[in-house]
1. Give Leu131, Leu115 a once-over and let me know the one that is within 25 Å of Thr52 (Cβ to Cβ), at pLDDT below 80 and exposed (fewer than 13 other Cβ atoms within 10 Å of the Cβ).
2. I'm trying to understand the selection: among the residues of segment 50-99, which are over 14 Å from Gly144 (Cβ atoms) and more than 14 Å from the chain's Cα centre (by Cα)?
3. Report every pair of residues separated by at least 6 positions or lying on different chains whose Cβ atoms are under 8 Å apart, first residue within segment 71-96 and in contact (Cβ under 8 Å) with a residue 40 or more places away in the chain, second surrounded by fewer than 18 Cβ atoms within 10 Å (Cβ to Cβ) and among the charged types (D, E, K, R).
Amino acid sequence: MPKKLIRKYIPSAESLLKNPWLLRLKPWLGHHNLWHLHRRSVAGGVAVGMFTGLIPGPFQMLSAAIISMLLRVNLPVAVFTTFYTNPFTIVPIYILAYKMGNFVTGHRGEALPHLAFDWHGNWFDALPAFLDWVAALGMPLALGLILLGCILTPASYFLVRGLWRLHVMLAWRKRHLRRLT
């Protein structure tokens, strides 16, 4: 994968540990797999980010950091991957999770609750209506999010591993052809 490009944007462990807030976490942030870019660590970071990105609320990045420290996978990649859920993608993802939860629970014909809010150009005005809508989705949403996480996590892990391997094989082939000429 493009390690040089990724390294340009990922902070180093040394630069993060200069922050007095993070200095207490030095024993956990010091492991080399949290910062090293190799296929297992990056694939694990993407998988952790895909799973924790489905957590409702503002705890996605914190949970991605904690889980990546426990599993010793790439921490910046895990935190960055959680951004696949954002204000533009969260509603379609939650609708998909709700439909998956409805399918599993056997409530196939139930309609989706109506999302009604007055848009005045302020995200803070829309947030309570969105939270009420999420609460109305209830158990099918919770079950669907767990199922979606269980699907996205291994799929993203093996996809990154496969793409990394493909990139390495193509680089080897290109280098081999260059040596022949």
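The values are calculated or read from the model by the stated rules, or taken from the named source; none is laboratory data. On a predicted model such as this, the values are computed, not experimentally measured, just so you know. Positions of Cβ are generated from backbone atoms using ideal geometry, with glycine treated the same way; all protein chains shown enter the neighbour counts.
1. Every option except Leu131 fails the conditions.
2. Within segment 50-99, Met69, Leu70, Leu71, Arg72, Pro87, Phe88 meet the criteria.
3. Sorted first by the residue in segment 71-96, then by its partner, the pairs are Val73/Arg40.
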